[in-house]
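Inspection log for the structure reproduced underneath, given as structure tokens.
The values are calculated or read from the model by the stated rules, or taken from the named source; none is laboratory data. Everything quoted here is computed from the prediction, not taken from an experiment. Neighbour counts run over all protein chains shown; Cβ positions are idealised from the backbone, glycine included.
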């Protein structure tokens, strides 16, 4: 992995990083990838991809409203860092 | 600007528009896609009142798929001639944005419910790539609070079932794009699976636009770039946005440069598109099967049953009513609205024919609101009302003649006055005659008959 990859991931995550950090992070990512690489030695030819491990299928719910599991506005906003008139407030990302 | 704009016509001589559409529509189920919260984001009294641990993305929340939403998505696919994947699943699409509390959107990646199919337009069919089901994101309102630019988030919309209909790049004009969108909206409304309220964002349009040069067209090559225009909430804006892009991209290509691959927004006030963000690649989304949601295996018999439950589609109803009853375009446009109304009108028209009344006349009466469109009322009562109305508006000539003759005989003084030149007594005779033939009678017809008989005396 290159430093440009790290910068790209940082951009996607909206996390600002400086030059020193991307150098350190790139090294850390590469170390992790090196370890994970061991997995690539496993021969998986002819093995069906696993979508899930429960063996369950066709799990649905009927289209019904369950008021009892719904939050009040106060409950919904309880963990929010900042609120305004019932909205959760965050710094703006899209700049027009 | 529109397709008639001469500068665009100049461009299209050198370049062909290559345009594919992505249409999102919120399904009008009672509850959300993966939880039991109320699905009614536009009419919630307050923000963040239709939420629970699942749609707020809290740790431990377990999504369970809404059966009706899946059924409706597959029915939409069947209505549009799609192939239905008997095995399907939900996947996680990861990206970081404040409207997405989990950090991923539950969507469908490689095995959507529906593939293929087409939407017919008067410019030719637009083939579909796929239709998949996903969850809508929270609604963001951009504002300035205490001088700081912020986004305000309302999760009432988070987790609302959302179908995405993706087309092949078969759209060749701005007008065709708009017609494609209108036809999709009509079908979804007709199936009563979505309201498609554009202003509220219940239906959202995106166009992938690029221009093909004459040489590329000759070699059968597609352009090497595409520009995605997002967040278009009216069909007119869609036409304008595409026209604008045709012109903008044409100018860029004229200088020998490839337009940048990007996502642009449309500003309807200024009628321009603007750069929104650099597009993430599929790899950046790190799609993976959602381990919380077991996959689906549909029986062919189930799909057949859903196909069987589909109503006759609006296009077919229009052709049938036009061919069988001679209904005009205005009537067809107004009367073919949803399956329930069509079934009701079919029984009204059938009974009308039986009673010797032209269905065309009933349709006209419904269009000009002389008759009420109300599937609750019986066809018998509709026709009874119609007969009462028409019986009164034109009176049987023989009956009218006898009635007036009687009135004139009974009022010799008034007749004498008329003959002496006091023509205002005509009003008196009119009043007498109308009382007998009914107040809804054609007054002109009655007046003509009175005058005719008076002159003959």
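Would you confirm whether any residue within segment B:252-273 is more than 14 Å from every other protein chain (Cβ to nearest Cβ), part of a helix (DSSP H, G or I), modelled with pLDDT under 95 and surrounded by 13 or more Cβ atoms within 10 Å (Cβ to Cβ)?
Within segment B:252-273, one or more residues are more than 14 Å from every other protein chain (Cβ to nearest Cβ), part of a helix (DSSP H, G or I), modelled with pLDDT under 95 and surrounded by 13 or more Cβ atoms within 10 Å (Cβ to Cβ).
Out of (1) surrounded by fewer than 13 Cβ atoms within 10 Å (Cβ to Cβ); (2) within 9 Å of chain B (Cβ to nearest Cβ); (3) assigned to a loop (DSSP other than H, G, I, E, B); (4) without any contact (Cβ under 8 Å) to a residue 24 or more places away in the chain, what's the single condition that is false for residue A:43?
(2)
If residue B:96 satisfies every condition in (1) in contact with a strand residue (DSSP E or B) (Cβ under 9 Å, 6 or more places away or on another chain); (2) facing chain A (nearest Cβ under 10 Å); (3) at pLDDT below 95 but one, which is the exception?
Against the list (1) in contact with a strand residue (DSSP E or B) (Cβ under 9 Å, 6 or more places away or on another chain); (2) facing chain A (nearest Cβ under 10 Å); (3) at pLDDT below 95, residue B:96 comes up short only on (1).
If I ask for residues that are in contact with a strand residue (DSSP E or B) (Cβ under 6 Å, 6 or more places away or on another chain) and either outside the structural domain of residue B:53 (by TED's automatic domain parsing) or surrounded by 16 or more Cβ atoms within 10 Å (Cβ to Cβ) (or both), which ones from segment B:114-127 would you list?
B:114, B:115, B:116, B:117, B:118, B:119, B:126
Can you confirm whether residue B:222 is under 30 Å from the mean Cα position of the chain (by Cα) and either within 30 Å of residue B:315 (Cβ to Cβ) or surrounded by fewer than 18 Cβ atoms within 10 Å (Cβ to Cβ) (or both)?
no
Which of the residues spanning segment A:46-93 are assigned to a loop (DSSP other than H, G, I, E, B), more than 7 Å from chain B (Cβ to nearest Cβ) and out of contact with any strand residue (DSSP E or B) (no Cβ under 7 Å at 6 or more places or on another chain)?
Answer for segment A:46-93, where residues must be assigned to a loop (DSSP other than H, G, I, E, B), more than 7 Å from chain B (Cβ to nearest Cβ) and out of contact with any strand residue (DSSP E or B) (no Cβ under 7 Å at 6 or more places or on another chain): A:46, A:47, A:48, A:49, A:50, A:53, A:55, A:72, A:78, A:79, A:81, A:85.
Looking at segment B:101-113, can you tell me whether even one residue there is at pLDDT below 95, at the interface with chain A (Cβ under 10 Å from one of its Cβ atoms) and surrounded by 15 or more Cβ atoms within 10 Å (Cβ to Cβ)?
Yes, because at least one residue in segment B:101-113 is at pLDDT below 95, at the interface with chain A (Cβ under 10 Å from one of its Cβ atoms) and surrounded by 15 or more Cβ atoms within 10 Å (Cβ to Cβ).
Please go through segment B:198-219 and give me each residue that is in contact with a strand residue (DSSP E or B) (Cβ under 7 Å, 6 or more places away or on another chain) and within 16 Å of residue B:24 (Cβ to Cβ), ordered by number.
B:202, B:203, B:204, B:205, B:206, B:207, B:208 - these are the residues of segment B:198-219 that are in contact with a strand residue (DSSP E or B) (Cβ under 7 Å, 6 or more places away or on another chain) and within 16 Å of residue B:24 (Cβ to Cβ).
Name, by its number, the condition in (1) surrounded by 12 or more Cβ atoms within 10 Å (Cβ to Cβ); (2) modelled with pLDDT under 85; (3) within 30 Å of residue B:335 (Cβ to Cβ) that does not hold for residue B:436.
(3)
Evaluate the following for residue B:136: is it surrounded by fewer than 21 Cβ atoms within 10 Å (Cβ to Cβ) and in the same structural domain as residue B:74 (by TED's automatic domain parsing)?
no
Would you mention how many residues in segment B:304-316 are modelled with pLDDT of 95 or more and assigned to a helix (DSSP H, G or I)?
6
Does segment B:356-381 hold any residues that are over 27 Å from the mean Cα position of the chain (by Cα) and either in contact (Cβ under 8 Å) with a residue 24 or more places away in the chain or surrounded by 15 or more Cβ atoms within 10 Å (Cβ to Cβ) (or both), and which are they?
Of everything in segment B:356-381, those that are over 27 Å from the mean Cα position of the chain (by Cα) and either in contact (Cβ under 8 Å) with a residue 24 or more places away in the chain or surrounded by 15 or more Cβ atoms within 10 Å (Cβ to Cβ) (or both) turn out to be B:357, B:358, B:380.
Checking the conditions here, which among B:292, B:284 is part of a helix (DSSP H, G or I) and out of contact with any strand residue (DSSP E or B) (no Cβ under 6 Å at 6 or more places or on another chain)?
Going through B:292, B:284 in turn, just one is part of a helix (DSSP H, G or I) and out of contact with any strand residue (DSSP E or B) (no Cβ under 6 Å at 6 or more places or on another chain): B:284.
Working carefully through the options B:191, B:205, find the one that is surrounded by 21 or more Cβ atoms within 10 Å (Cβ to Cβ) and more than 30 Å from residue B:61 (Cβ to Cβ).
B:205
Need the failing condition index for residue B:71 against (1) assigned to a helix (DSSP H, G or I); (2) surrounded by 22 or more Cβ atoms within 10 Å (Cβ to Cβ), just the number.
So residue B:71 meets the others, but not (2).
Condition first: assigned by TED's automatic domain parsing to the domain that holds residue B:202 and within 19 Å of residue A:76 (Cα to Cα). Can you find one or more residues in segment B:88-97 that meet it?
Within segment B:88-97 (the criterion being assigned by TED's automatic domain parsing to the domain that holds residue B:202 and within 19 Å of residue A:76 (Cα to Cα)), the answer is yes, since at least one residue qualifies.
Take residue B:353 and decide whether it is over 19 Å from residue B:324 (Cβ atoms) and loosely packed, with under 15 Cβ neighbours inside 10 Å.
No.
Hey, does segment B:164-186 have a residue that's assigned to a loop (DSSP other than H, G, I, E, B) and crowded, with 23+ Cβ neighbours inside 10 Å?
Taking every residue of segment B:164-186 in turn, none turns out to be assigned to a loop (DSSP other than H, G, I, E, B) and crowded, with 23+ Cβ neighbours inside 10 Å.
Of the numbered conditions (1) modelled with pLDDT of 95 or more; (2) under 20 Å from the mean Cα position of the chain (by Cα), residue B:328 satisfies every one except a single condition; which is it?
If we test residue B:328 against (1) modelled with pLDDT of 95 or more; (2) under 20 Å from the mean Cα position of the chain (by Cα), just (1) comes out false.
Among (1) surrounded by fewer than 21 Cβ atoms within 10 Å (Cβ to Cβ); (2) assigned to a helix (DSSP H, G or I), there is one condition residue B:243 misses while meeting the rest; what is its number?
Result: residue B:243 fails condition (1) only.
Look at segment B:49-75 and say how many of its residues are in contact (Cβ under 8 Å) with a residue 60 or more places away in the chain, within 12 Å of another protein chain (Cβ to nearest Cβ), over 30 Å from residue A:11 (Cα atoms) and out of contact with any strand residue (DSSP E or B) (no Cβ under 7 Å at 6 or more places or on another chain).
Total meeting the criteria: 3.
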